[in-house]
Amino acid sequence: MTHAIRVHELGGPEVLKWEEIEVGEPGPGEVKIRQEAAGLNYIDVYHRTGLYPQPLPFTPGTEGAGVVESIGPDVSGLSPGDRVAYAGPVGGYAEERLIAADRLIKLPHAISSEQAAAMMLQGMTAHMLLRSVHRVQRGETILIHAAAGGVGLIVCQWAKALGATVIGTVGSDAKAELARAHGCDHPIVYTRQDFVAEVDRITGGAKLPVVYDSVGKDTFLQSLDCLAPRGMMVTFGNSSGPVDPIEPGILAQKGSLFLTRPTLFTYSARRADLETAARELFEVVESGKVKIEVKQRFALKDAAEAHRALEARRTSGSTVFTI
């Protein structure tokens, strides 16, 4: 018998229950993996609270890495003993799990399971933002909110490697220094600085071609004011709550702006796109241009404690569950 975190009712961190489960054997197109690490992401909170609904009961977690134990019928390209990682679907808070084979990526020797669990969702989200949603060019200046978070630190490093100037918002001086050490040229402590005024100052009034915003409600409208005409507002998370409904005309008033709400699961739905994103992520990490640093570790059975830390903004960078 193996263990997993199960959610039987929606609510706070206390609904995360450590239970024995029966995994079973893989069916057609499936693989059974023994997990070595799993990632903690804010989307796990959205699933737990019901903001992004999941059928009850369920095992949360959209990011993990481990070793193939067995394969089902019609699976090719994978064998027992292969080291693999994934970003989605849910089920990651488990010692063992079944997953569709076409969602798995083989890990290079240089990438550890812990690194992979800390970067598959966050790193491929960064790839989506910087290389697909808005393809960042050398010489551009960009804004990333939550710059000291898991996605934020990767975006700062990757954008810097692409030749961009990076502005980032953070919640404390310590997080400002962390972001700066990872390529953020202009960290803004939003608790005491007006980030709209700072963007205007830094850019000499020219403003920005793109804003990447995972904070949501608290930053959305001000972020629009950071954009140059025909700039792109990329809202990809809601850590402060969902964005209030807006009148589309506001986009015209503020400079014929573009607005998009991308998800990695759409951008990686095709196997070819998933492989491209993973390959380019591995390349930029193996080159040393992007460093994946695990800042917090929790035992999987302590998932509730990890969620409390995440929601209280007591984490920075990547957090993993050890299994």
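Things worth noting here:
- Taking amide H atoms as placed 1.01 Å from N in the peptide plane, the amide H of GLU293 lies under 5 Å from those of SER318, each 5 or more residues away in sequence or on another chain.
- Between the C-alpha center of the stretch 129-162 and that of the stretch 286-310 there is a gap of 20 Å.
- Nearest-ten-degree value, helix 113-127 long axis tilted from longest Cα axis of the chain: 40
- Here the chain is assigned +1 on the Cβ of each Lys and Arg and -1 on the Cβ of each Asp and Glu. Its dipole about the Cα centre then comes out at about 840 debye.
- Average projected area [Cα convex hull, the stretch 1-144], square nanometres: 10.4
- Listed cross-link partners LYS32/LYS160; LYS17/LYS295; LYS175/LYS217; LYS106/LYS291; LYS106/LYS295 are compared with a 31 Å cut-off, the Cα-Cα value being larger for LYS32/LYS160.
- For THR141, distant residues with modelled amide H under 5 Å away: THR165
- Dipole of the stretch 138-261 [Lys/Arg +1, Asp/Glu -1 at C-beta], most positive-end residue of ALA159, PHE220, THR260: ALA159
- Sorted fewest first by neighbouring Cβ atoms within 10 angstrom, MET1, MET119, MET128 come out as MET1, MET128, MET119.
- Under 5 Å from the amide H of GLU36 lie the amide H atoms of ALA65, GLY66, VAL67, each residue being 5 or more positions distant or on a separate chain, with H modelled from the backbone and absent for Pro and chain starts.
- Backbone phi angles across the stretch 50-66, fed through the Karplus curve with coefficients 6.51, -1.76 and 1.60 (θ = phi - 60°), yield HN-Hα couplings of x, 4, 10, x, 10, x, 8, x, 8, 9, x, x, 10, 8, x, 8, x Hz in residue order; Gly and Pro are listed as x.
Rule-based calculations on the coordinates, nothing more; no lab input. If you're wondering where the values come from, they're calculated on a predicted model, not measured in any experiment. Glycine gets a Cβ as well: all are built from the backbone with ideal geometry, and neighbour counts include every protein chain shown.
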